[in-house]
Amino acid sequence: MHHPGPPRFVATGDEVELAPRDPDPTATYTWRLTQAPAQSTVSLGDDPVEHLVPDAPGRYVVRLTAPDGEHDLTVRAFPGTLESSGTHMSGRSGGHSGGVSGGRSGPGRSGSGEYTQAGDGSDGGGGGQPRLTLRPDIEGDEAVVRADCSPHPEGTETAADLAVEFLLDDRDDVDADAVTRDGTALRIPLDALPERARIHAVAVGNHGYSVPDAVEFTRGGDGVETVTSGAGVAARRPYDAPAWAEDSVIYEIYVRTFAGERDESPFDAIIDRLDYLDSLGVDAIWLTPVLQNDHAPHGYNITDFFEIASDLGTRADYERFIEAAHDRGFKVLFDLVCNHSARTHPYFESAVEGPDADYREWYEWQSDTEPETYFEWEHIANFNFDHLPVRRHLLDAVAQWADLVDGFRCDMAWAVPNGFWREIHDYCKDRDSEFLLLDETIPYIPDFQAGLFDMHFDSTTYAALRQVGGGGDAEAILGAIEGRAEIGFPEHASFMLYAENHDETRYIVDYGREAAEAAAGALFTLPGAPLLYAGQEFGQRGRRDDLAWDHADETLQSFVSDLASTRHDQPALSADADLVRIPYEVRDGPSDRVVAYARTTENDAAVVVLNFGSEPMTVGLPAGTDGTDLVSGEYRGAAGDGDATVTVDSVSVFPADENDLRQ
């Protein structure tokens with residue numbers, strides 16, 4: 001179906017990209033406004049991809065005429081003073097920048113370069129962006145959606161001050177007259193439900209509106225993991241990350257250097273190490289790009305989106321690796337590049353010949369010979385997503401690789417139109433509700449939680465870990481986690497935690513062995529899925545060098561394996577556990593090198609102590625904390641005055657009584 005997707009919530013001045021889904025580049029598509037606020041003067045052009053910029057608050061309805069009929073899309077525009085997210089400066093060579101709520105996302109950076117801290121979502125006047133999570137249920141003969149609203153953590157509003165605005169999905173045949181709304185709840189009689197009904201909503205306050213959330217009701221939900229079900233109707237939350245992803249240890253492989261000096265093919269080398277990865281506690285494997293490219297070893301400059309790189313092997317070799325990984329219970333993530341092609345791609349080599357050249361419209365241009373790019377990158381050229389053949393080409397590539405793997409790590413997610421990611425998200429989820437969409441966006445963008453991606457690179461905690469490694473106060477780590485809510489992420493958002501990857505220098509090189517152990521402890525005990533970059537676990541010092549397997553630090557390797565086991569074994573470290581600040585006292589040594597916190601569920605609790613210093617630290621913890629370290633298995637307690645006193649080298653996790661921690 002060519003319907004352009006879910007309804008949009010934006011602020012006036014934001015751009016909404018309007019594009020037919022599953023496009024036929026040879027077909028005709030036209031747009032027209034059928035409803036707009038009385039004071040609006042906006043209009044649309046005649047192109048198959050248009051850009052609506054609401055100029056007045058209110059409801060807009062846009063109609064797409066396509067080969068399969070007419071499709072309406074509702075756009076709800078709020079006053080510009082309620083802008084949900086800040087505008088991020090672009091690294092684009094042409095100097096453009098854009099907002100994050102509409103068509104093309106405003107980028108931060110990708111790969112190496114200067115880190116820019118995102119704003120906190122506050123307007124500085126006692127308010128800020130609220131948060132929302134929708135809870136679907138089946139109650140008697142009704143499908144019910146309840147909205148859990150939270151005000152900005154630093155604001156003066158309360159949950160009672162927030163309004164909830166619901167929108168029915170234009171794609172579903174729901175009788176609007178049968179729907180009732182009562183404050184923060186929406187109800188639909190079961191006998192009025194179509195085969196599929198999707199409901200979207202935002203929380204709105206005086207200082208902003210939340211990241212949108214959605215729920216879905218389906219009849220005969222065979223094969224659908226449900227939140228709840230009853231009377232032949234299943235309910236689920238399509239914007240949640242798959243359960244397997246949130247509790248996974250993810251392992252990134254820089255595919256061409258993983259084997260070290262061995263002669264075998266890269267895929268065979270990975271297969272040979274699968275037992276090792278299993279013993280390390282790894283659950284999911286992310287390979288850097290495996291497609292044909294012009295700049296190995298990194299592989300991000302794609303020359304063919306449908307072929308495995310010849311220096312890696314064949315598609316059969318890649319499928320053999322995937323099968324071997326799946327046989328051992330690993331998930332596999334494909335590194336998906338959509339923003340650009342290499343300049344040596346045959347289409348670009350044709351396009352650059354002149355304004356009338358074949359494939360000219362496939363790319364964005366600064367001049368007759370110079371394509372649009374980011375950060376003055378000289379080997380890539382940005383695709384033009386207003387050109388339907390580009391969208392068709394990339395969607396066909398997505399369909400080919402999604403059939404093989406368990407998720408996409410989405411490169412330069414900020415540089416691709418939001419609507420295109422929404423289409424990929426819906427396509428992947430419709431074929432497999434457990435498929436993972438992980439975005440690389442630096443700094444992270446809360447609106448990407450709204451049906452674009454399931455999990456986000458936690459660049460803020462990465463930056464905090466680097467600051468702490470360099471001598472900053474260790475409490476900054478907790479501030480980074482709390483910053484997720486402050487910038488607008490809802491409580492159901494999921495994150496991938498990392499201290500290094502192929503774009504960053506090795507943490508152990510920059511900050512030393514003791515700090516590297518503490519940083520690893522943070523990854524495995526804070527809320528989020530930990531990422532290990534291949535070699536991190538045994539002290540590899542080169543960022544993209546051949547892995548020095550013969551010189552592995554086996555003690556560090558064993559330590560990381562113990563961290564992974566502790567995370568997997570302790571419910572208090574799971575994705576369902578809360579992060580709780582606790583009182584603690586550093587009894588000797590520099591106090592700013594230590595941070596302690598608790599993770600709790602209804603039935604379990606654990607206290608974590610991280611020591612970024614070079615010497616063991618003695619720390620006083622709340623009563624009810626056991627002195628046995630779950631990571632090492634050693635008893636680290638000592639007599640104290642009504643509390644628990646422990647000595648910590650770099651990382652320790654202690655069992656605790658949840659009731660004592662919350663007193």
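The values are calculated or read from the model by the stated rules, or taken from the named source; none is laboratory data. These numbers come from a predicted model, not from an experiment. As a convention, Cβ positions derive from the backbone with ideal geometry for all residues, glycine included, and neighbour counts pool all protein chains shown. Quick note on the areas: whole protein, heavy atoms, side chains included, nothing else; ligands and nucleic acids left out. Shrake-Rupley method; radii C 1.70, N 1.55, O 1.52, S 1.80 Å.
Summary of values
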| item | result |
| --- | --- |
| Amide H contacts under 5 Å for residue 285, placed H, 5+ residues apart | 251, 331, 332, 333 |
| Accessible surface of residue 312 - all protein chains present, 1.4 Å probe, nearest 10 Å² | 0 Å² |
| Amide H within-cut-off set for residue 143, under 5 Å, with H built and near neighbours excluded | 188, 190 |
| Under the Karplus curve 6.51 cos²θ - 1.76 cosθ + 1.60, θ = phi - 60°, whole-Hz ³J(HN,Hα) for region 429-446, x wherever Gly or Pro sits | 6, 5, 8, 7, 5, 9, 6, 9, 10, 10, 9, 9, 9, 10, x, 5, 10, x |
| Of the GluC sites (Glu not before Pro) in region 509-548, those whose Cβ has at most 14 other Cβ within 10 Å and which sit in DSSP loop | none |
| Long-range HN-HN contacts of residue 582 with modeled amide H, under 5 Å | 598 |
| Exposure rank, largest accessible area first [373, 158; 1.4 Å] | 158, 373 |
| Length added when fully stretched, residue 295-residue 261, from 0.36 nm per residue minus Cα-Cα | 10.2 nm |
| Karplus-derived 3J(HN,Hα), 6.51/-1.76/1.60, for each residue of region 620-632, Hz, glycine and proline x | x, 10, x, 4, x, 8, 6, x, 8, 6, 6, 6, 8 |
| Integer Hz, Karplus 6.51/-1.76/1.60 couplings in order for region 464-478, x for Gly and Pro | 5, 4, 5, 5, 5, x, x, x, x, 5, 5, 4, 4, 5, 5 |
| Accessible surface ranking that places the most exposed of 28, 65, 218 first, with a 1.4 angstrom probe | 28, 65, 218 |
| Helix-only CD estimate at 222 nm, as mean residue ellipticity for the chain, using -39500 (n - 2.57) per DSSP H run (n ≥ 4) | -5500 deg cm²/dmol |
| Model label zone, residue 578; criterion: amide N under 13 Å from point 7 Å along Cα-to-beta-carbon; scope region 600-614 | 600-606 |
| Distance from region 9-55 to region 393-447 (C-alpha centre basis), Å | 23 Å |
| The chain - percent of accessible surface contributed by carbon and sulfur, probe 1.4 Å | 43 percent |
| C-alpha center-to-center spacing [region 140-204, region 592-611] in angstrom | 36 Å |
| Assigned charges on the beta-carbon of Lys, Arg, Asp, Glu; the chain dipole about Cα centre (debye) | 920 debye |
| Neighbour-limited loop hits for GluC sites (Glu not before Pro), region 539-646 (at most 14 other Cβ within 10 Å; DSSP other than H, G, I, E, B) | 602, 634 |
| Length added when fully stretched, residue 278-residue 643, from 0.36 nm per residue minus Cα-Cα | 127.6 nm |
| Extreme residue, positive dipole direction of the chain, given options 143, 383, 435 (C-beta unit charges) | 143 |
| For the chain: accessible area per residue (Å², 1.4 Å) | 36 Å² |
